[in-house]
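The values are calculated or read from the model by the stated rules, or taken from the named source; none is laboratory data. Here the structure is a predicted model, which means the values were calculated and not measured. As a convention, Cβ positions derive from the backbone with ideal geometry for all residues, glycine included, and neighbour counts pool all protein chains shown. We work out accessible area using only protein heavy atoms, side chains counted, and drop any ligands, DNA or RNA first. Shrake-Rupley method; radii C 1.70, N 1.55, O 1.52, S 1.80 Å.
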Amino acid sequence: MGRIERFSPNTIGRDFVAGDVHGQFHLLSEQLDRFAFDSRNDRLFCVGDLIDRGRDSQAAVRWLEYSWFHCVRGNHEQMALDAQSDSNVRFTWMLNGGEWWDDTPSPIRRKLLSLLDALPIAIVIETAHAPVGIVHADLPPETRWSDFLDQVERGDRNAINTALWSRRRVYNRNNTGVPGAAEIYCGHTIVDVPLTLGNVHFIDTGAYTTGRLTVVRL
């Protein structure tokens, strides 16, 4: 579960990062058209929560199989995985947008669970200066980027739970940033417009409620 996915610099195209999609893949397609996204050379990263609440969560299977699309694990992906063996989690998941699962054919369920289980907790994109990081929710406060990665790879529950669930940095308007990284991109906590705290950017603008999906170029 504590997996980190690492990427070299993109020397032939552009990199983009998208906020929480929540099944609104038509909005994601519209944003890529706006940027004239070139799947031969460009890469698209996502801060997680591809599924639940929106109209087409099943489409996550197709997107996760694109070679140019890369996503971290969000709390909704984690709930989907945990719900398969925990009835309490399943009940919570169904109350929070997971009802589409019951109408999903078994082959798609199996494929999607396999893809979700492979999602990393964090993504690292190397640059000429300092790495860019992508995490679903947040990092533990006053933690260096490299230390956080070490904690995740060791399976540290606090680090992983913070990465999936925390809203503390946004609620506290903590501007201290994350040492050791150029920028960090997160979602999870809905903001009216993208919010930057130190070097941490929160880009979940509530696609499933507002119709606004944020995609930014790195």
Check your understanding: Failed condition for residue 49, given (1) acidic (Asp, Glu); (2) surrounded by 13 or more Cβ atoms within 10 Å (Cβ to Cβ); (3) farther than 28 Å from residue 210 by Cα, with all others met?
Key -> (3)
Exercise for review: Filter the range 191-201 for residues that are open to solvent by 20 Å² or more (accessible area, probe 1.4 Å) and out of contact with any strand residue (DSSP E or B) (no Cβ under 9 Å at 6 or more places or on another chain) and give the result.
Suggested key: 192, 193
**Study point:** Failed item in (1) over 18 Å from the mean Cα position of the chain (by Cα); (2) under 20 Å from residue 218 (Cα atoms); (3) of a type in the set (Phe, Trp, Tyr), with residue 145 passing the rest
**Key:** (1)
Review point. Which residue pairs have Cβ atoms under 7 Å apart, sit 6 or more places apart or on different chains, and have a first residue in the range 24-36 that is within 14 Å of residue 58 (Cβ to Cβ) and a second that is assigned to a helix (DSSP H, G or I)?
Key: 24/207; 24/208; 25/59; 25/63
Study note, to complete from the structure: Of 90, 55, the only residue that is of a type outside the set (Ser, Thr, Tyr), open to solvent by 10 Å² or more (accessible area, probe 1.4 Å) and closer than 20 Å to residue 206 by Cα is 55
Check your understanding: Of the numbered conditions (1) open to solvent by 70 Å² or more (accessible area, probe 1.4 Å); (2) under 16 Å from the mean Cα position of the chain (by Cα); (3) more than 19 Å from residue 163 (Cα to Cα), residue 40 satisfies every one except a single condition; which is it?
Key -> (2)
Exercise for review: Of the conditions (1) in contact with a Gly (Cβ under 8 Å, 6 or more places away or on another chain); (2) open to solvent by 10 Å² or more (accessible area, probe 1.4 Å); (3) outside any loop (DSSP other than H, G, I, E, B), residue 123 clears all except one; give me its number.
Suggested key: (2)
Exercise for review: Return only the number of the condition from (1) modelled with pLDDT under 95; (2) open to solvent by less than 30 Å² (accessible area, probe 1.4 Å) that residue 69 does not satisfy.
Suggested key: (1)
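Within the range 55-73, count every residue that is of a type outside the set (S, T, N, Q) and under 19 Å from residue 7 (Cα atoms). Full working, then the answer.
Let us first name the residues in the range 55-73 that are of a type outside the set (S, T, N, Q), namely 55-56, 59-66, 68-73.
If we keep only those that are under 19 Å from residue 7 (Cα atoms) as well, we get 63-66, 68-73.
The number of residues fulfilling the criteria is 10.
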Review point. Being closer than 25 Å to residue 68 by Cβ, without any contact (Cβ under 8 Å) to a residue 40 or more places away in the chain and under 13 Å from the mean Cα position of the chain (by Cα), is that true of even one residue in the range 195-208?
Key: yes
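Could you pull out the residue among 161, 175 that is free of Cβ contacts under 8 Å to residues at least 24 places away in the same chain and touching a Gly at 6+ places or on another chain (Cβ under 6 Å)? Give the steps one after another, and end with the answer.
Working: 161 fails: touching a Gly at 6+ places or on another chain (Cβ under 6 Å).
Within the list 161, 175, the selection yields 175.
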Practice item. Report yes if residue 114 is of a type in the set (Ser, Thr, Tyr), surrounded by fewer than 17 Cβ atoms within 10 Å (Cβ to Cβ), free of Cβ contacts under 8 Å to residues at least 12 places away in the same chain and part of a helix (DSSP H, G or I), otherwise no. Key: yes
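Criterion first (open to solvent by 20 Å² or more (accessible area, probe 1.4 Å) and at pLDDT below 95) does residue 142 satisfy it? Give the steps one after another, and end with the answer.
On the way: open to solvent by 20 Å² or more (accessible area, probe 1.4 Å): yes; at pLDDT below 95: yes.
Taking the combined requirement at face value, the residue satisfies it.
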Review point. Just checking, how many residues over the range 52-74 are within 12 Å of the chain's Cα centre (by Cα) and free of Cβ contacts under 8 Å to residues at least 40 places away in the same chain?
Key: 1
**Study point:** Among (1) surrounded by fewer than 21 Cβ atoms within 10 Å (Cβ to Cβ); (2) more than 17 Å from the chain's Cα centre (by Cα) - the single one residue 167 does not satisfy
**Key:** (2)
